[in-house]
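Single-structure report; data block below.
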């Protein structure tokens, strides 16, 4: 009996090791270097069923076995789906500094509009934790305060697309952010041409966009650790991008695809293109210096803006914006 018990325990142990490796460790099936770029082919190491209860929980280090900090392309195991394209030191330091100097004060405005992405389980936005997440460009929803004032003023049937408060109140600073946004757009076209073409076609059909780009909207986050989620609201035919601007010293904050066990350490002047319709989130950020800031920048086209405003004229946009500006924004 002791011998059977020994083998039972051994088999159980080996099975647990196998399950742990299957669930939590990245599965790099193949890798090769092509013209200085590391190409990885990866398989899921967490099943779709197990990922569901992980939604809106924070990424744990046990989920991540491999952190990318070098020029890399990451594909699904069969090579039929691009997951990540990461390039280091490709953005202009001048454009980075110009963007940071003109945005950082606004970007640090506390908000409670990120809901479950911030870890909140409340449906009441007032109960959400205050985090520093804000938007530039255009948005396809009015704020609660705008809705209240519109109702009070009996403003009916107003198209629910608006300039963000940053554009309205800080237009000169907004203009100084454009060199970096346009640089990101050019890199998007270079590295992800098929998705870029489809997204740019939509952007060209609406005046409610960031001029000269395929984007309608920019989200900025300061020291914000997001939970595991999939992006919604963006153009499904597009491809996500992330830029980070560092100030002071910190560790962590790596952007991760936990289902594949992979994270990416994005730093100043780097750019990450990723499939934001896969599960993703950040590892915790640990501030080393008291003034440390991790400003992340996400540029995208909001599908509903395009859907609501495609084929609208620039004249219509100017008139609409004037109407919306009469409503005090939040």
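The values are calculated or read from the model by the stated rules, or taken from the named source; none is laboratory data. Fair warning: this is a prediction, and the values are worked out from it, not measured in the lab. Heads up, the Cβs are rebuilt from the backbone with ideal geometry, glycines too, and the neighbour counts pull from every protein chain shown.
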(message) Quick check on region 190-234: of everything there that is within 10 Å of residue 301 (Cα to Cα) and under 13 Å from the mean Cα position of the chain (by Cα), which residue is surrounded by the fewest Cβ atoms within 10 Å (Cβ to Cβ)?
(response) 233
(request) Determine, yes or no, whether residue 265 is buried (at least 18 other Cβ atoms within 10 Å of the Cβ), out of contact with any helix residue (DSSP H, G or I) (no Cβ under 9 Å at 6 or more places or on another chain), under 24 Å from residue 43 (Cα atoms) and touching a residue at least 24 places away in the same chain (Cβ under 8 Å). (result) yes
(request) Take residue 139 and decide whether it is over 30 Å from residue 48 (Cα atoms) and either touching a helix residue (DSSP H, G or I) at 6+ places or on another chain (Cβ under 9 Å) or surrounded by 14 or more Cβ atoms within 10 Å (Cβ to Cβ) (or both). (result) yes
(request) Consider residue 281 carefully, then state whether it is modelled with pLDDT of 95 or more, crowded, with 19+ Cβ neighbours inside 10 Å, in contact with a strand residue (DSSP E or B) (Cβ under 8 Å, 6 or more places away or on another chain) and over 23 Å from residue 90 (Cα atoms). (result) yes
(request) Kindly establish whether residue 290 is surrounded by fewer than 20 Cβ atoms within 10 Å (Cβ to Cβ), modelled with pLDDT under 95, out of contact with any helix residue (DSSP H, G or I) (no Cβ under 9 Å at 6 or more places or on another chain) and part of a loop (DSSP other than H, G, I, E, B). (result) yes
(message) more than 21 Å from the chain's Cα centre (by Cα), surrounded by 14 or more Cβ atoms within 10 Å (Cβ to Cβ), within 23 Å of residue 235 (Cα to Cα) and in contact (Cβ under 8 Å) with a residue 12 or more places away in the chain: which single residue out of 159, 180 fits that description?
(response) 159
(request) Answer yes or no as to whether residue 209 is in a helix (DSSP H, G or I), over 19 Å from residue 83 (Cα atoms) and in contact with a helix residue (DSSP H, G or I) (Cβ under 9 Å, 6 or more places away or on another chain). (result) no
(request) Kindly indicate whether any position in region 154-167 is out of contact with any strand residue (DSSP E or B) (no Cβ under 8 Å at 6 or more places or on another chain) and closer than 21 Å to residue 297 by Cβ. (result) yes
(request) Identify, by number, the condition in (1) more than 24 Å from residue 87 (Cβ to Cβ); (2) at pLDDT 95 or above that residue 238 doesn't meet. (result) (1)
(request) Test residue 308 against the criterion of being under 25 Å from residue 236 (Cα atoms), surrounded by fewer than 19 Cβ atoms within 10 Å (Cβ to Cβ), more than 12 Å from the chain's Cα centre (by Cα) and touching a residue at least 24 places away in the same chain (Cβ under 8 Å), and give yes or no. (result) yes
(request) Please work out if residue 255 is closer than 28 Å to residue 89 by Cβ, buried (at least 21 other Cβ atoms within 10 Å of the Cβ) and in contact with a helix residue (DSSP H, G or I) (Cβ under 7 Å, 6 or more places away or on another chain). (result) no
